[in-house]
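Report on the structure given below.
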Amino acid sequence: MTDASAATALIIGVGDGLSASLARLLSREGYKVALAARDPGKLTALAAATKATTHRCDASNPAEVEALFKAVGDLDVMVYNPSYRTRGPLVELDPAEVRRSLEITAFGAFLAGQQAARGMVKRRKGVIIFTGASAGVKGYPQSAPFAMGKFALRGLAQSMARELHPQGVHIAHVVIDGGIRSARRPDPDGKDATLDPDSIAETYLHLIRQKRDSWSWEIEVRPWVETF
């Protein structure tokens, strides 16, 4: 369980959806928020609204990830959101695009998780959350690279949880099973058939606040109409 007073949260892979909702919620809860993206210029409005610092980082680049964590300093919460998707028939996939998908979705998660864990293990406290997807538990046709990356992400989270929970660091993996609502993807007829990013953020906050006698390493969230 993390006390928000004077606590710092780093969100990596920030866009205008879930990450933005989470940044606003954590800011309201008293967290000092740091936002990282490949293009931090797009975060100006969000940073102003949340009083957050912004940082440029390609999550697949070890040097940039290391520099990010040095700039932010001690962390209480780290959330890893980046992913990269390339679709198409297996026999037609571009190997370079497949590699990029794995670098961002899985290798970057390892880099960020390692950096966050180094500081948290020393203090024997902290929360690391990885944003997964339904592709991490079931591979879909013409989506092998995304499934490969998300399966690897889930394995990383599970392995880290087993290793680091006894050291006081809470690791959690969130399976986002369904489409996230946005301006580009409005909810059809207001039936809650898509996931509201603000609702997902509330689930993340619940994970952050969990007491260590009841830690969850994985949670699934999906709209009530989603099949599984």
(request) With the condition kept exactly as written, say whether any residue in region 189-210 is more than 16 Å from the chain's Cα centre (by Cα) and at pLDDT 95 or above. (result) yes
(message) Given (1) in contact (Cβ under 8 Å) with a residue 40 or more places away in the chain; (2) surrounded by 15 or more Cβ atoms within 10 Å (Cβ to Cβ); (3) not β-branched (Val, Ile, Thr), identify the lone condition not met by Gln167.
(response) (2)
(request) Answer yes or no as to whether Asp74 is touching a Lys or Arg at 6+ places or on another chain (Cβ under 6 Å), under 25 Å from Leu156 (Cα atoms) and surrounded by fewer than 20 Cβ atoms within 10 Å (Cβ to Cβ). (result) no
(request) Kindly list, by first and then second residue, each pair from a residue in region 131-153 that is surrounded by 24 or more Cβ atoms within 10 Å (Cβ to Cβ) to a residue that is among the aromatic types (Phe, Trp, Tyr), limited to pairs with Cβ atoms under 6 Å and residues at least 6 apart or on different chains. (result) Ala135/Phe146; Gly136/Phe151; Leu153/Phe130
(request) Output the residues belonging to region 53-91 that are more than 15 Å from the chain's Cα centre (by Cα) and of a type in the set (Ser, Thr, Tyr). (result) Thr53, Thr54, Thr86
(request) Take Phe110 and decide whether it is surrounded by fewer than 22 Cβ atoms within 10 Å (Cβ to Cβ), within 13 Å of the chain's Cα centre (by Cα) and over 15 Å from Thr8 (Cβ atoms). (result) yes
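Which residues, counting only those in region 117-146, are in contact with a Phe, Trp or Tyr (Cβ under 7 Å, 6 or more places away or on another chain) and of a type in the set (A, V, I, L, M)?
Scanning region 117-146 gives Ile129, Ala135.
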(request) May I ask you to list the residues in region 39-54 that are surrounded by 17 or more Cβ atoms within 10 Å (Cβ to Cβ) and farther than 18 Å from Ala7 by Cα? (result) Leu43, Leu46
(request) Return a yes/no flag: does region 59-77 have any residue that is free of Cβ contacts under 8 Å to residues at least 40 places away in the same chain and in contact with a Ser or Thr (Cβ under 7 Å, 6 or more places away or on another chain). (result) no
(request) Would you point out the residue of region 177-199, among those that are in contact (Cβ under 8 Å) with a residue 60 or more places away in the chain and either surrounded by 20 or more Cβ atoms within 10 Å (Cβ to Cβ) or touching a Gly at 6+ places or on another chain (Cβ under 6 Å) (or both), that is farthest from Lys138 (Cα to Cα)? (result) Ser182
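Out of region 125-155, which residues are of a type in the set (A, V, I, L, M, F, W, C) and over 19 Å from Val98 (Cα atoms)? Steps first, please.
Residues of region 125-155 of a type in the set (A, V, I, L, M, F, W, C): 127-130, 133, 135, 137, 144, 146-148, 151-153.
Of everything in region 125-155, those that are of a type in the set (A, V, I, L, M, F, W, C) and over 19 Å from Val98 (Cα atoms) turn out to be Val127, Ile128, Ile129, Phe130.
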(request) State all residues of region 8-26 that are assigned to a loop (DSSP other than H, G, I, E, B) and buried (at least 21 other Cβ atoms within 10 Å of the Cβ); if no residue qualifies, say none. (result) Gly13, Val14
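The values are calculated or read from the model by the stated rules, or taken from the named source; none is laboratory data. Quick caveat: nothing in here was measured; it's all calculated off a predicted structure. Backbone-built Cβ (ideal geometry, glycine too); neighbour counts: all protein chains shown.
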